[in-house]
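Take a look at this one; I'll ask things after.
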Amino acid sequence: MALVKVSEILRMADEANTSVIAFNCTDYNMIYSVVTVAEELQKPVIIMLYPEHHHLNNAADPAAFAATVKSLAANVKVPIGFHLDHSSDINYIMKAIKAGFTSVMIDGSMLPLEENIVLTKKVVEIAHAFDVDVEAELGRVGFAKDSDQDKLDMYTKPEVAAAFCEETKVDSVAVAIGSAHGVYLETPKLDLERLAAINAATNVPLVLHGGSGIPNDQLEQAFTKGINKFNVGTEFFQLNYDSIKEYCETYKEKGNVFDMPKFVQEKLMAYLRKKMELSKF
Ligand code: 13P
C-alpha cells in the first residue's frame, strides 16, 4: 500500500478509541524496523522527520528520507503515515510537501497566540491546497531538561483550543498537558482532566508530544481521552545508539559493518513490538 493520509489514520485511531504512535526516525534501520513491525502487528503507524536532525546533524534530507519511507511503505499493506515534525519555517515546509510528506507540523507555540494563529492559518491554506494535513501546537510542550512540563502557564487552555481550531482549520493539535521533549528529570504526571476538557471543547484529534518516559498507565488513559497521535523520539534514538554500541562491544574486531544492520534492526523491532502494544487498533 502506498502512504495513507495522517488524517485518515487519526480518524481510524479515534474510531478505535486509541492512539497511533508516531516515531521520529533518522536512518534506514529505524524506518525499516517501524514499517516491518507495523506490518507484522497490522497496526497503523506514522514515521516522522525532525528538521533539526537534517539542519544540525545532516542526518536526513527530506527528499532522500521521503524516498526511503515511500519505497518501504509501498511493500506493506498496513497504513503508514508520513509527517514532518516541528517546523516553524514555511519554506522548509514547502520543501517537505514537494518531497512527498503527506502531513506537516507548523510549530508556532513560541509565538504569542495571535501570531501562532496567523502562521498556522497560512500553513493550513498552503498545505491543504496540496492535500497535505497540518498539525499545530497550542500552549507549549517544551523540554524536560528545562522542567517545562511543570510550567502551568504553558499548558493548553480548553477554551483557547476551541477558538484556535475553529479559526485555523488545522487537522490536529498538539497539546501541553504535562509532557515535555527529552529525558524527564522526574516521572511526568499528565493533566488528564485538562485533556478531557480540551477534547470536549474541540473537534480535532489531539497529539501528545514528549512520549519517551511517560508511564504506560497514564498513556492508556490519555489515549481514551482524546489523544490520537503519540510522538516518540528520545527513547527510540537512544536504543538505536545503544544497539550500535552493543554490537561494537560484543563483536569487537570480529564484527563487521555488513552484519551490524540486522543486529540493530532486531533490537529496534523487539522494542517496537512491545511499544506498539499500547496502540489498540
Ligand atoms: P521525545 O523525544 O521526548 O520522545 O518526544 C518526541 C516528540 O514529541 C517529537 O515531536
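The values are calculated or read from the model by the stated rules, or taken from the named source; none is laboratory data. If you're wondering where the values come from, they're calculated on a predicted model, not measured in any experiment. Heads up, the Cβs are rebuilt from the backbone with ideal geometry, glycines too, and the neighbour counts pull from every protein chain shown. These accessible areas exclude ligands, DNA and RNA; they are computed on the full protein's heavy atoms, side chains included. Shrake-Rupley method; radii C 1.70, N 1.55, O 1.52, S 1.80 Å.
What about Lys280, is it within 28 Å of Arg11 (Cβ to Cβ) and surrounded by fewer than 19 Cβ atoms within 10 Å (Cβ to Cβ)? Break it down into steps so the answer makes sense when it comes.
Values: within 28 Å of Arg11 (Cβ to Cβ): yes; surrounded by fewer than 19 Cβ atoms within 10 Å (Cβ to Cβ): yes.
Criteria met by Lys280.
Among the numbered criteria (1) under 17 Å from Leu111 (Cβ atoms); (2) within 12 Å of the ligand (Cβ to nearest atom); (3) polar (S, T, N, Q), which one does Gln149 miss?
Unmet condition: (1).
Out of the range 61-83, which residues are open to solvent by 10 Å² or more (accessible area, probe 1.4 Å), part of a loop (DSSP other than H, G, I, E, B) and not charged (D, E, K, R)?
Residues satisfying the conditions are Ala74, Asn75, Val76, Pro79.
Conditions first: (1) within 16 Å of the ligand (Cβ to nearest atom); (2) surrounded by 15 or more Cβ atoms within 10 Å (Cβ to Cβ); (3) over 26 Å from Val104 (Cβ atoms). Val183 passes all but one, so which condition is the exception?
In the conditions (1) within 16 Å of the ligand (Cβ to nearest atom); (2) surrounded by 15 or more Cβ atoms within 10 Å (Cβ to Cβ); (3) over 26 Å from Val104 (Cβ atoms), Val183 misses (2) alone.
Condition check ((1) of a type in the set (Val, Ile, Thr); (2) within 25 Å of Met48 (Cα to Cα)) across all residues:
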position: Tyr155; (1), (2): no, yes
position: Cys165; (1), (2): no, yes
position: Lys169; (1), (2): no, yes
position: Gly182; (1), (2): no, yes
position: Ala196; (1), (2): no, no
position: Asn199; (1), (2): no, yes
position: Ile214; (1), (2): yes, yes
position: Leu219; (1), (2): no, yes
position: Met260; (1), (2): no, yes
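Residues of the range 31-75 being among the polar types (S, T, N, Q) and without any contact (Cβ under 8 Å) to a residue 12 or more places away in the chain, which ones? Break it down into steps so the answer makes sense when it comes.
Step one: list which residues in the range 31-75 are among the polar types (S, T, N, Q), which gives 33, 36, 42, 57-58, 68, 71, 75.
Across the range 31-75, the qualifying residues are Asn58, Ser71.
Out of all the residues in the range 194-201, is one or more of a type in the set (D, E, K, R), more than 16 Å from the ligand (Cβ to nearest atom) and under 24 Å from Leu113 (Cα atoms)? Break it down stepwise before answering.
Our first condition is that a residue be of a type in the set (D, E, K, R); within the range 194-201, this holds for 194.
From the residues that got through so far, the ones that are more than 16 Å from the ligand (Cβ to nearest atom) too are 194.
Among the residues that remain, those that are also under 24 Å from Leu113 (Cα atoms) are: 194.
Looking for residues that are of a type in the set (D, E, K, R), more than 16 Å from the ligand (Cβ to nearest atom) and under 24 Å from Leu113 (Cα atoms), one finds at least one in the range 194-201, hence yes.
Here is a further query. For the range 41-58, name all the residues that are within 15 Å of the ligand (Cβ to nearest atom), under 17 Å from Phe101 (Cα atoms) and not in a helix (DSSP H, G or I).
Once the filter is applied, which keeps residues that are within 15 Å of the ligand (Cβ to nearest atom), under 17 Å from Phe101 (Cα atoms) and not in a helix (DSSP H, G or I), the range 41-58 yields Val45, Ile46, Ile47, Met48, Leu49, Tyr50.
I would also like to ask the following. Go through the range 84-109 and give me each residue that's open to solvent by 30 Å² or more (accessible area, probe 1.4 Å), part of a helix (DSSP H, G or I) and not charged (D, E, K, R).
Selection gives Ile90, Asn91, Met94.
Exactly one of (1) at positive phi; (2) open to solvent by less than 30 Å² (accessible area, probe 1.4 Å); (3) assigned to a helix (DSSP H, G or I) is unmet by Ser243. Its number?
Every listed condition holds for Ser243 apart from (1).
Residues checked against (1) in contact (Cβ under 8 Å) with a residue 40 or more places away in the chain; (2) outside any loop (DSSP other than H, G, I, E, B):
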{"position": "Leu185", "(1), (2)": "yes, no"}
{"position": "Glu193", "(1), (2)": "no, yes"}
{"position": "Asn203", "(1), (2)": "no, no"}
{"position": "Ile214", "(1), (2)": "no, no"}
{"position": "Asp217", "(1), (2)": "no, yes"}
{"position": "Gln221", "(1), (2)": "no, yes"}
{"position": "Phe230", "(1), (2)": "yes, yes"}
{"position": "Phe236", "(1), (2)": "yes, yes"}
{"position": "Leu239", "(1), (2)": "no, yes"}
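A further question on this structure: Look at Asn17 and say whether it is open to solvent by 10 Å² or more (accessible area, probe 1.4 Å), in contact (Cβ under 8 Å) with a residue 24 or more places away in the chain, assigned to a loop (DSSP other than H, G, I, E, B) and more than 21 Å from Tyr241 (Cβ to Cβ).
Working: open to solvent by 10 Å² or more (accessible area, probe 1.4 Å): yes; in contact (Cβ under 8 Å) with a residue 24 or more places away in the chain: yes; assigned to a loop (DSSP other than H, G, I, E, B): yes; more than 21 Å from Tyr241 (Cβ to Cβ): yes.
Against the criterion (open to solvent by 10 Å² or more (accessible area, probe 1.4 Å), in contact (Cβ under 8 Å) with a residue 24 or more places away in the chain, assigned to a loop (DSSP other than H, G, I, E, B) and more than 21 Å from Tyr241 (Cβ to Cβ)), Asn17 qualifies.
Results for (1) closer than 21 Å to Pro188 by Cα; (2) at pLDDT below 95; (3) in contact with a strand residue (DSSP E or B) (Cβ under 8 Å, 6 or more places away or on another chain), shown as yes or no for each residue.
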{"residue": "Lys229", "(1), (2), (3)": "yes, no, yes"}
{"residue": "Val232", "(1), (2), (3)": "yes, no, yes"}
{"residue": "Val257", "(1), (2), (3)": "no, yes, no"}
{"residue": "Lys262", "(1), (2), (3)": "no, no, no"}
{"residue": "Met269", "(1), (2), (3)": "no, no, no"}
{"residue": "Leu278", "(1), (2), (3)": "yes, no, yes"}
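Right, next: Which residue, of Thr202, Thr224, is touching a Cys at 6+ places or on another chain (Cβ under 6 Å) and open to solvent by 10 Å² or more (accessible area, probe 1.4 Å)? I'd like the intermediate steps shown before the answer.
On the way: Thr224 fails: touching a Cys at 6+ places or on another chain (Cβ under 6 Å).
Going through Thr202, Thr224 in turn, the sole match is Thr202.
Being over 18 Å from Val45 (Cα atoms) and either touching a Leu at 6+ places or on another chain (Cβ under 9 Å) or among the aromatic types (Phe, Trp, Tyr) (or both) is the requirement here; does Ile214 meet it? Full working, then the answer.
Details: over 18 Å from Val45 (Cα atoms): yes; either touching a Leu at 6+ places or on another chain (Cβ under 9 Å) or among the aromatic types (Phe, Trp, Tyr) (or both): yes.
Spelling it out, Ile214 is indeed over 18 Å from Val45 (Cα atoms) and either touching a Leu at 6+ places or on another chain (Cβ under 9 Å) or among the aromatic types (Phe, Trp, Tyr) (or both).
Something else about it: Looking only at the range 151-166, how many residues end up being touching a residue at least 12 places away in the same chain (Cβ under 8 Å) and either in a helix (DSSP H, G or I) or not hydroxyl-bearing (Ser, Thr, Tyr) (or both)?
9
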